[in-house]
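Novice: One structure, as structure tokens, below. Some questions next.
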Amino acid sequence: MKLKQRMNTDRIFGIVNGLILLIIALIIVYPLYFVLTASISDPVYVNLGQTILHPKGITFSGYRKLVEYSDIVKGYRNSILYTVVGTVVNLLVCIPTAFVLSRKELPGRKWISVFFVLTMYFSGGVVPLYLTIRGLHLLNSMWALILPGALNVYNMIVCRSFFNNNIPDELFESVKIDGGGYMVFFTRIVLPLSKSIIAVMVLYHALIHWNSYLSALYYISDSDKYPLQLVLRNLTNSLNTESIQGAANSQVISEMQKAQQSVRYAVVIASSIPVFLVYPFVQKHFVKGVMIGSVKG
Amino acid sequence: MNIMTTEKAAALKNKNRSGLKRRIINCMPLYALLIPAIVLTIMFKYAPMYGIQLAFKDLIPGRSITESPWVGLKHFLRFFSMPNFWHLIWNTFKVAIVTNLVSFPLPIIFALMVNQVRHTKYKKIVQNVSYIPHLLSIVIVISITSLMLAPGTGVVNILLKKFGKEDILFFGHDEYVLPIYVLTGIWQNMGFDAIIYIAALSSVDQDQIEAAKIDGASRLKTIWHIELPSITNTIIIMLILSWGQIFALGADKMLLLQTPLNLGGSEIISTYVYKVGLLEGQFGFSTAVDLFNTMVNLTCLLIVNAIAKKYSDNSIF
């Protein structure tokens, strides 16, 4: 009797729990859904607030206008370039460093680690870094966005933990017996065994580059070189400021602003598309990265 | 016997020393691989640290940092006596602490809930949905927020109107900055931050749970007495990490939320440093403000680390 009762309360618990999670999932998805429906609906209905549940008067005019917006197209192109070059540089720096620091026989290994890890907790700050970059004549150059963060210490540690836990020492012994050195070991054995961590690293670094805007705001003043996120930031900032001014002047939003607004919905979707396209493929790696990182090496 | 051992030790030490030399030579290829990382770190991390002395100097245009004259604590004194000094500190602390307090427990609760789901597919779907926002850039997140909160067209104001309320200018008032900051943070990171707890929960001893069930424990009881204690270590580590970085509040998100009308709530140290440093060019003064923030953060990190070391087996270093 008692057991039965308990099983009942357990079942109710399970159902309530499942329902709450469903609601949470819907809340997480809804903002994206809201922007998506607004982006493909007629701006008239959007402004009347009739698209909050489903699209109405489907049109792609927002997207068409987007293509006409040369800033956005340029931003898109710049972001792709910065992401590809930046990620390649990240990998070239991160993976060898992680490999070296995973070798326990390396004299001074601990001090070299401290040398890198220290920079996670203490930095020169905004202005000294700005002056350094200016001193190197890198202002307004793509390298200002890539080189300062070329070594992401956190990601390097994740990568090192992977090497520590997945590359047995015997492998190096056998390479040595065959007359090979570290370079042979690294390129022929370690790298082929590390495809999964390399995928994680590509994902993490590419996301950082694709999503960042702050360093471009700091170091890039030539608008032809703006990455997409900075273009988008300027659009959003002007929306917020405009809506304040619009409300201050009158409750009516001008026609021009309305037209601009439809572009804004489209641009949010368009700039997230690359991320969503790769998401299904990398989702697994994404989680794996967290797990490797959590096993402190 | 004693002599023997000292002799042996000396011999061993000698051998070790020549062994060290050999080991260094053997490891030359490894050191070579480190060169790019070391050069970049010196150039972009340690060289700027040299520039911190700007906090105690007045940079003369056309002269280098080294050549510029020392001014002592002038910049710090100016900062401390600024009329909005306490305001800036209060804003920064408020944002940092409220964000941390509110957003820390949620991923844990979410992970415990997800872990309760028996239906594997449903569990997967919920989880996969939950980390989608983490992939989006902060610019996109705030863009979406501002579209949803826009007066007249945003869903929030549409709903307010349905209930007979007036439009709210969410980006025009100080008091909305913190809620927007915290809620968008939760939306973006809760699912992702839960991954680590879900992973920790997957290693909980299932036999123990079965045994508890047979003994008549309800599911809430098994969560409280078995599952939660089993992830306590992970929770402590995450707690240390988050409190250790609490005042390293970046400018990126706040700059996006900032409008001329909500500065009273949205001006924090990092946004202020950007403004006076890079926009107004007061290099010395803004370096001082920045250094002050770094020192506060570092102090907090050391305190947290010391406490963690004393009361648990975990610490950052």
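Novice: Just counting partner chain Cβ atoms within 10 Å, what average do the residues of peptide A:142-149 show around their Cβ?
Specialist: 1
Novice: DSSP loop GluC sites (Glu not before Pro) in the range B:211-311 with at most 11 other Cβ atoms within 10 Å of their Cβ, which ones?
Specialist: Of the GluC sites (Glu not before Pro), the ones in loops of the range B:211-311 whose Cβ has at most 11 other Cβ atoms within 10 Å are B:280.
Novice: Continuing with this model, one more query. Is there a simple number for the mean count of other chain Cβ atoms within 10 Å of the Cβ of residues in A:189-198, and what is it?
Specialist: Across A:189-198, the average partner-chain Cβ count within 10 Å equals 0.
Novice: Please list, ordered by chain and number, the residues whose modelled amide H lies under 5 Å from the amide H of residue B:57; skip anything fewer than 5 residues away on the same chain.
Specialist: B:71
Novice: Give a quick list of trypsin sites (Lys or Arg not before Pro) in the range B:146-196 that DSSP marks as loop, anything other than H, G, I, E or B, with at most 12 other Cβ atoms within 10 Å.
Specialist: B:165
Novice: Counting each DSSP H run of 4 or more residues in chain A as -39500 (n - 2.57), what helix-only mean residue ellipticity at 222 nm follows after dividing by all residues, to the nearest 500 deg cm²/dmol?
Specialist: -24500 deg cm²/dmol
Novice: Moving to a separate point now. Total Å² of accessible surface buried at the B-A contact, 1.4 Å probe, nearest 100?
Specialist: 8700
Novice: For chain A, with only Lys/Arg (+1) and Asp/Glu (-1) charged at the beta-carbon, what is the dipole magnitude about the Cα centre, in debye rounded to 20?
Specialist: Once rounded to the nearest 20, the dipole reads 800 debye.
Novice: Using a loss threshold of 40 Å², tell me which positions in the range B:185-204 are less accessible in the complex than in their chain alone. Probe radius 1.4 Å, ligands and nucleic acids ignored.
Specialist: In the range B:185-204, residues shielded by partner chains: B:187, B:192, B:195, B:196.
Novice: With a 1.4 Å probe and all protein chains left in place, how much accessible area per residue does the range B:82-224 have, in Å²?
Specialist: Working: 6550 Å² over 143 residues.
For the range B:82-224, the solvent-accessible area averages 46 Å² per residue.
Novice: Moving to a separate point now. Give me the distance in nm between label points sitting 7 Å out from Cα along the Cα-to-Cβ direction at residue B:24 and residue B:225, one decimal.
Specialist: Distance between label points: 6.1 nm.
Novice: Evaluate 2.2 N^0.38 Å with N set to the residue count of the range A:2-48, then give the Cα radius of gyration divided by it.
Specialist: After normalising by residue count via 2.2 N^0.38 Å, the value is 2.02.
Novice: Dipole of the range B:208-306 (Lys/Arg Cβ +1, Asp/Glu Cβ -1, origin at the Cα centre): which of B:281, B:271, B:228 lies farthest to the positive side?
Specialist: B:228
Novice: May I pose another question? With the full set of protein chains in place, find how many percent of the accessible area of the protein assembly as shown is carbon and sulfur; take the probe as 1.4 Å. Let's see the in-between values first.
Specialist: Working: 20260 of 30190 Å².
Ligands and nucleic acids excluded, carbon and sulfur give 67 percent.
Novice: Turning to a different aspect of this structure: Which order do peptides A:105-117, B:247-259 fall in by mean Cβ count within 10 Å, highest first?
Specialist: Averaged packing, sorted descending, gives the order B:247-259, A:105-117.
Novice: Rolling a 1.4 Å sphere over the protein heavy atoms, what is the accessible area per residue of the range B:241-317, to the nearest Å²?
Specialist: 39
Novice: Follow-up. Per residue, what accessible area does chain A have, given a 1.4 Å probe and all protein chains present, in Å²?
Specialist: 48
Novice: In the range B:32-56, which residues become less accessible by 40 Å² or more once every protein chain is in place, relative to the chain on its own, using a 1.4 Å probe?
Specialist: B:33, B:34, B:37, B:40, B:41, B:44, B:45, B:46, B:48, B:49, B:52
Novice: Let me ask something additional. If the range A:69-294 were replaced by its equivalent ellipsoid, with semi-axes equal to the square roots of 5 times the Cα gyration tensor eigenvalues, what would those be, largest first, whole Å?
Specialist: Computed over the range A:69-294, the values are 43, 20, 15 Å.
Novice: Arranged from highest to lowest average of other beta-carbon atoms within 10 Å per residue, in what order do the peptides B:192-200, A:55-63 appear?
Specialist: The most tightly packed comes first, giving B:192-200, A:55-63.
Novice: Okay, next question. Measure up B:94/B:275; A:56/B:253; A:288/B:124 against 25 Å on the Cα-Cα distance and list the ones that go over.
Specialist: Too far apart for the 25 Å limit: A:56/B:253.
Novice: Hey, what's the per residue convex hull volume over the C-alpha atoms of chain B, in cubic angstrom?
Specialist: 285
Novice: Excluding residues fewer than 8 places away in the same chain, name every one of the lysines whose C-alpha is closer than 17 Å to that of residue B:121.
Specialist: A:284
Novice: For the range A:265-282, which residues drop by 30 square angstrom or more in accessible area between the chain on its own and all protein chains together (1.4 Å probe)?
Specialist: Output list: A:265, A:268, A:275, A:276, A:279.
Novice: Whole percent per 5 Å bin, from 0 to the bin with the longest distance: what is P(r) over all C-alpha pairs of the range A:1-93?
Specialist: 2, 11, 10, 9, 10, 11, 11, 9, 8, 6, 5, 4, 3, 1, 0
Novice: Convex hull volume of the Cα atoms in the protein assembly as shown, per residue, in Å³?
Specialist: It is 224 Å³ per residue.
Novice: Another question about this same structure. Can you pull the mean other chain C-beta count within 10 Å for peptide A:114-123? Intermediate values should be presented prior to the final figure.
Specialist: Values: counts 1, 7, 5, 2, 5, 6, 4, 10, 8, 9.
Mean shielding by partner chains, rounded to a whole number: 6.
Novice: Additional query: P(r) tail for the range B:239-312, what percent of Cα pairs lie past 20 Å?
Specialist: 42
Novice: List, in order, the whole-Hz ³J(HN,Hα) value for each residue of the range B:107-120 obtained from phi through the Karplus relation with A = 6.51, B = -1.76, C = 1.60 and θ = phi - 60°; use x for Gly and Pro.
Specialist: Result, ordered by residue: x, 5, 4, 4, 5, 4, 5, 4, 5, 6, 6, 7, 6, 4 Hz.
The values are calculated or read from the model by the stated rules, or taken from the named source; none is laboratory data. Computed from a predicted structure; not experimentally measured. Quick reminder, even Gly has a Cβ in these numbers, built from the backbone with ideal geometry, and neighbours come from all protein chains shown. Each accessible area value is taken on the protein alone, full model and side chains, heavy atoms only, with ligands, DNA and RNA left out. Shrake-Rupley method; radii C 1.70, N 1.55, O 1.52, S 1.80 Å.
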